[in-house]
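To start, the structure under review is shown below, and the notes come after it.
The values are calculated or read from the model by the stated rules, or taken from the named source; none is laboratory data. Note that the coordinates shown come from a computational prediction; the quantities given were computed from them, not determined experimentally. Quick reminder, even Gly has a Cβ in these numbers, built from the backbone with ideal geometry, and neighbours come from all protein chains shown.
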Amino acid sequence: MLIDTEGLLSVEKSDDEYDRRLILFCLAVSHLVIVNVAGEVTATLMKMLILCTDSLQKLGVNKVHRPTVHVVLNQKANPDAEMNRAAINKIKEELKKVNLDREIELNDNTFHTLPSAFKKERFSDDQTPATLLRTDPDFIENVQRLCARFVSTATKSLEQTREQFSDPLRWIQFAATVLDILRKFPDMTYFNDIREREQDDLMREWIRKILENTFTSKLRQELVGEAVEQNVKEIKTIFELKFQELCEKLSIELKNQLKLTGAVENVRKRSETFLNAQISSLLRAWIESAIMKNERHRLEDLVIKGETQFHDLIQKTIEKSGRLTEAQAGKVFDEMWNTSYPHIASTFEHDKQVQSALQFVYRNYHIFEKSNLPDIKILLPLLRYIPRSTEATPASPRAIIDKSALEQSDMQVVQTIQKVCIQDMSSHTPIQELPFRHDGTAEYTRKTIEEFKYLYVPTLIREYDKNYKDRKADIWSREFHLNLRRFILAKDSAPASHGEQPGIWKQLLHVGRSFDRLIDITLSVIILKENCGRRSVDIDLVQQLVGMILAHINEINNELDIFKLAASKHYQAMMHTCTVLLLTKFHYDEQWRFFDEVLSKVREKTSGWRAYFIAMVTQDPTADPRFAADIVKALLESVVRAFLTKAKEAIEKQVELDTKSLDRLSLLTELDIKGATMHDDELYAYVKNPLGALNNRFEERWKSTKTAIELAIEQLKQEHKTIIIQFFQTLQIIQQVLQQNKADKPTFISELFTTHGGLADVNILNKGRCVSLLLYAYFSRQNPIPRQFRVFNCDYSLSPIGTQMIERFPPPSEKVTAIMSTMADKFNSTSILNLVIFINTCFDQKTTTENNFEDQSKTVVSDLTNLANRLKQIFIDKQCRTPCPFCNRICDVDHTIDKRTAGGTGENLHRCQIGHQYRAFALVKYEKKNEKTGLHEASVQCCKDIMDHDMIMNESGSVRVSWSEWKRRHPDWNWDFKLQPTSVSSNALSTNLPSIWRRIGLRWCNEHSMDYVTQNTKPKVDSNHYIFLCDGSGSMADSRWNHLMDAVRGFINIRKKAVTDDLVSFIVFNSSVATPLDLWKEIKALTDNDLSRLQSSFTGGGTSFEAAFQKTIELLVYAKGNDKVGKLPQFIIFMTDGESGYPRGEVAQLSTTYRSMIKEFWTIPCETSNHTMLTHINQTMKGTFKNIKEAKDLVQAYAEIALR
């Protein structure tokens, strides 16, 4: 298949970013890329090519491995390649400098020059300016040779091509995946060159640090405190003014830093944009914490506004209506309510609120996950799968839904989101290929497959058994390992069969199961234990959840990594998409619940408003007792509400104070120190279940917090009960004043207020309103007490009698005033015609109100206890629960401190700050077996004591790889043991492991079928004589020779650490041979100077296998006559990158006369495709053939031999 793209650097299009995207696409989907350049390779084109090669490395989906790039310099006046050597070398140097020379195949042999295709000739008569264009024969010959080169390159590429890329339909599907990634992640082609990207990364890190130092938590608290009780606009103004001031200051600092670093213009602009974007993002995030409350305040305002409008409507209707019967009045009110309430409820606009919820979640999520989180524009269309909350309908009273029904409704939405995300992946592969390298030191078995969670075990086991049915050994060879990988990829690329088992997609990967786990993780973070409800979706929750999702992805990758595969970018992107949508759903529900709670308060006022309306329009003179009951009821509700609010504040303050010493690190330190004095049973239980011990310790410490909370609640309860008592004491004195003023006479209300005009009955009702307003002014301590009142466009004046009476009322207590001040709306909806009846009726409810307070206080105390438990559970859930994968020690880092990254990422890695423990406590066994019992020794090593080359088995023994490989598979942990652990007592568990092990180790080993030892037996390592045949011919120059020397150094280091009496001989051969370090040397005595001498022994030249093997025979002859050398097994490691005449006689001697001395013979061809002769040599020697496609892999190959 040929792809012909439009030209690059088009003047008409003039879009460099489009050009870069075009180059990257071609590199990703092509085996052979031809860049046809008219004239010279420009600096712009060179930068584009290097940058796109870097982006190719970061693409995160299947792509063609190391495409070959041919550059054709066309229309050259001088087509001599040597004349263009500078441009060729420049690109090669730049690629090598940034470690990209292995991403694409681009070298001297892939640069070509062509002359102009035509030559101009004038006509012989020379009478016309016209010219004749003739095809240049040199051009035709060069093009034909070039085409032959292209066909040859394509043929080689075809040999390495998987079926996925040669089937046209599957190639289109594959190419569509690449295009989709380029669309979703535009940053991949933003920069002009790779240095700009590196410079941009450095500037971004500088910006992040200066932002961290500027926008501190202290500043945030100050601003939030300043914004308390402000409306949305005022909150924004407070934050924006401060941020603007700091932004100007940071902009100056940024300009200075850009000058110091010599940043290019593109990076300057991008850094300034990034700084402003980060500040804007911080501004939004900080406002969100105030606006999360303020958003609720806004929703509350919407309801209050609607409530006010409805109240105004009541007043206007009262003013306009004539006298009605009670039935007529009730009907009018109900019509007003049924019209107004749906309007109030509809102010919660679903589409607007769900988008607002997504924006809030996305901003917070994006802080901790950027590389695989799609653009928010991709997520917006998916909001249609988040329905209006089913907890209630906005235009009707709150629905009563039981817990199981609510959970069922939630799960329906969750399952829909899950299904949509999985379906979105259906056209893309979930697997990304990585370069395959077989680690000869690693051991995988059938049990490895049986323990997979996300790769489909039955299918893999069938393939495994089919290939291994005639084999005795259960350890994978390189070829078998590679065949399993190919099988997985073939299944992945094949379309799913019609009857495919549910939960399996692409036949082999359990995408459904991974999404099930993702949902379990998300729900476990949101839904609290012990019936404590749900956590609010805030930045702490998002940070914790992102860390757990990334750990889940890493778990999947660890399975795939066995086959050098990984979760594709699409797969990871859809997992993050699913998580964001789930968080959006729960945040939206949270906002709806708050709005509906506010609505419920409006609904609760309906009966009072209805009674007031009926009383006013029916002109009912007997409504005073009903109004009195409403006022007392409102008082009780206000007192209970104030009690609840104050108690919540007290609880939150107490929890915040006490939990500073209840974090994981503090509790672990306490338990570790206590470990030395624990009884053996208690110590055993701690080691066996550290999380359980931590939770128990937390509960013990929580008891004092719980006691303090209970005391605070009881004290506040009594304080608020006193308010009720003081209120009725005040009423009692008012009764006496009213009695002295003979206020019970029917004409008293007319004597209290004077007015001019108006009907008598209307004046009486309006004066009743005036009495209510006067009473409110008294209880709320308005100073001075108002003398003038306006009701329904009529003015009323307080008479001297009224003034004298109100002055004799006792001043209410401050706490009573504080409560009554919140009841303005209630007094505004009250008309008191007989003040004596009203006050007496209020006072008659004293006992009932006090009893009701006691009853309601029980509910409040229960709610407060639930709140305390909720805060406790939230705090517990925030603590990291991740155990060390090798010793089971719990991570003791507080990941919430660093708000830049999620737990387990960046610098916010998991770590055992006060030390690790013996790996036996994680059921890890040592390789050494007790011959009598057949049990493996318990591993009494700590993580920090293991050497990188040490081989480690997992708990079940299904995987055996080097320690360095285990650490690589767990990048979420900090394995830098040079960091000093947190200072703890010398009696602590982590610093006194031998003593702890002696107390409980035997019991532990008996329970877990391990051999009890106090020190692991060092494995016996045989000493050998290694003979290295190192190709020092000219083709090994530069990188190949350097990689070989790196491999030799690695080999020597491994054998030194094994503490053996190994000997080594080095034969460097070209057309002749040399032994730079004499005939042999002890490995343990080799110095850096020795290895430097070996490295400098390279001279180049031809290649003679005969000379190399003849020298090997001489060494073996010498070994026979030397006891020190001759008693050791002989290992011959023959490495070459070229060809020579077949050393028939020498190979015959080695394979017969000296074969009994040779324990192992290794043939290692490096970066050469002609293996015929080398295969013949290896077969004759009955050796092991290890083909190295890239010289850098020599290090791994030699390490595998050293570890045998």
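Would you call SER661 surrounded by fewer than 17 Cβ atoms within 10 Å (Cβ to Cβ) and not assigned by TED's automatic domain parsing to the domain that holds PHE838? If you could, list the steps in order and put the result at the bottom.
Values: surrounded by fewer than 17 Cβ atoms within 10 Å (Cβ to Cβ): yes; not assigned by TED's automatic domain parsing to the domain that holds PHE838: no.
It is false that SER661 is surrounded by fewer than 17 Cβ atoms within 10 Å (Cβ to Cβ) and not assigned by TED's automatic domain parsing to the domain that holds PHE838.
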field: Filtered residue count, the range 826-862, keeping only those that are closer than 24 Å to ILE749 by Cα and of a type in the set (Val, Ile, Thr)
entry: 6
- prompt: Mind checking whether some residue in the range 716-739 is outside the structural domain of ILE832 (by TED's automatic domain parsing) and not in a helix (DSSP H, G or I)?
  reply: no
- line: Selection from the range 658-681 of residues within 16 Å of ARG998 (Cβ to Cβ) and in a helix (DSSP H, G or I) yields GLY675, ASP680, ASP681
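Looking only at the range 1084-1094, count how many residues are surrounded by 14 or more Cβ atoms within 10 Å (Cβ to Cβ) and either at pLDDT 90 or above or in contact with a Pro (Cβ under 8 Å, 6 or more places away or on another chain) (or both).
To start, the set of residues in the range 1084-1094 that are surrounded by 14 or more Cβ atoms within 10 Å (Cβ to Cβ) comprises 1084, 1086, 1090-1091, 1094.
Those still in the list that are either at pLDDT 90 or above or in contact with a Pro (Cβ under 8 Å, 6 or more places away or on another chain) (or both) too: 1094.
Total meeting the criteria: 1.
Which members of the range 517-554 meet the condition of being part of a loop (DSSP other than H, G, I, E, B) and either β-branched (Val, Ile, Thr) or under 15 Å from the mean Cα position of the chain (by Cα) (or both)?
Our first condition is that a residue be part of a loop (DSSP other than H, G, I, E, B); within the range 517-554, this holds for 528-533, 535-538.
The answer is VAL537, ASP538.
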message: Considering only residues that are closer than 21 Å to GLN739 by Cα and aromatic (Phe, Trp, Tyr), which ones fall in the range 829-859?
response: PHE838, PHE843
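Do you know which residues across the range 668-709 are charged (D, E, K, R) and surrounded by 15 or more Cβ atoms within 10 Å (Cβ to Cβ)?
Within the range 668-709, GLU670, ASP672, LYS674, LYS688, ARG697, ARG701, LYS706 meet the criteria.
The rows are residues; the columns are (1) of a type in the set (Gly, Ala, Ser); (2) part of a helix (DSSP H, G or I); (3) under 19 Å from TRP1041 (Cβ atoms).
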| residue | (1), (2), (3) |
| --- | --- |
| SER1092 | yes, yes, yes |
| GLY1101 | yes, no, yes |
| GLU1106 | no, yes, no |
| PHE1109 | no, yes, no |
| VAL1117 | no, yes, no |
query: Out of all the residues in the range 622-631, is one or more β-branched (Val, Ile, Thr), farther than 30 Å from LYS721 by Cβ, modelled with pLDDT under 90 and not in a helix (DSSP H, G or I)?
result: yes
task: Would you be able to tell me the number of residues in the range 166-217 that are modelled with pLDDT under 65, within 22 Å of the chain's Cα centre (by Cα) and crowded, with 17+ Cβ neighbours inside 10 Å?
output: 3
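Residues that are closer than 30 Å to VAL525 by Cβ and touching a residue at least 60 places away in the same chain (Cβ under 8 Å): find the helices (runs of 4 or more DSSP H) completely inside the range 773-881 holding 1 or more of those. Give the derivation first.
Values: elements: 800-808, 814-820, 824-828, 835-844, 846-878.
Here the list reads 846-878.
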- prompt: So is ARG790 on the phi < 0 side of the Ramachandran plot, at pLDDT 90 or above and surrounded by fewer than 15 Cβ atoms within 10 Å (Cβ to Cβ) or not?
  reply: no
field: Index of the failed condition, ASP1078 passing every other in (1) over 29 Å from HIS1176 (Cβ atoms); (2) among the acidic types (Asp, Glu); (3) in contact with a helix residue (DSSP H, G or I) (Cβ under 8 Å, 6 or more places away or on another chain)
entry: (3)
- line: Cβ pairs under 6 Å, 6+ apart or interchain, first in the range 960-974 and without any contact (Cβ under 8 Å) to a residue 40 or more places away in the chain and under 15 Å from ALA1199 (Cβ atoms), second crowded, with 18+ Cβ neighbours inside 10 Å and not aromatic (Phe, Trp, Tyr), ordered by first then second residue, are TRP963/ILE946; TRP963/ILE952
message: Any residue that is touching a residue at least 60 places away in the same chain (Cβ under 8 Å), surrounded by 18 or more Cβ atoms within 10 Å (Cβ to Cβ) and assigned by TED's automatic domain parsing to the domain that holds LYS1159 - is there at least one of those in the range 1003-1014?
response: no
query: Does ASP1090 count as in the same structural domain as SER1151 (by TED's automatic domain parsing) and in contact with a strand residue (DSSP E or B) (Cβ under 9 Å, 6 or more places away or on another chain)?
result: yes
- prompt: Within the bounds of the range 624-638, is there any residue that is of a type outside the set (D, E, K, R), in contact with a helix residue (DSSP H, G or I) (Cβ under 8 Å, 6 or more places away or on another chain), over 28 Å from LEU864 (Cα atoms) and buried (at least 20 other Cβ atoms within 10 Å of the Cβ)?
  reply: yes
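Starting from residues that are touching a residue at least 60 places away in the same chain (Cβ under 8 Å) and outside any helix (DSSP H, G or I), keep the ones in the range 1187-1203 and report whichever is surrounded by the most Cβ atoms within 10 Å (Cβ to Cβ). It would help to see each step written out before you state the result.
Here is the first cut: in the range 1187-1203, the ones touching a residue at least 60 places away in the same chain (Cβ under 8 Å) are 1190-1203.
Next cut, outside any helix (DSSP H, G or I) only: 1190, 1203.
Details: GLU1190: 15, LEU1203: 19.
Ranking the qualifying residues of the range 1187-1203, first place goes to LEU1203.
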message: Considering only residues that are touching a helix residue (DSSP H, G or I) at 6+ places or on another chain (Cβ under 6 Å), closer than 17 Å to LYS1057 by Cβ and modelled with pLDDT of 80 or more, which ones fall in the range 946-979?
response: ILE946
- line: Flagged in the range 103-124 as farther than 21 Å from ARG149 by Cα and either of a type in the set (Phe, Trp, Tyr) or at pLDDT below 70 (or both), in numbering order, are PHE118, PHE123, SER124
- prompt: Taking LYS944, is it out of contact with any strand residue (DSSP E or B) (no Cβ under 9 Å at 6 or more places or on another chain) and not in a loop (DSSP other than H, G, I, E, B)?
  reply: yes
- prompt: Which residues, taken from the range 1008-1043, are more than 19 Å from SER1092 (Cβ to Cβ) and among the aliphatic types (A, V, I, L, M)?
  reply: MET1010, VAL1013, VAL1021, ILE1027, LEU1029
query: How many residues are over 19 Å from LEU379 (Cβ atoms) and assigned to a helix (DSSP H, G or I) when one looks only at the range 557-576?
result: 5
query: Identify, please: which residue in the range 33-68 is touching a helix residue (DSSP H, G or I) at 6+ places or on another chain (Cβ under 6 Å) and among the β-branched types (Val, Ile, Thr) and is, among those, modelled with the lowest pLDDT?
result: VAL61
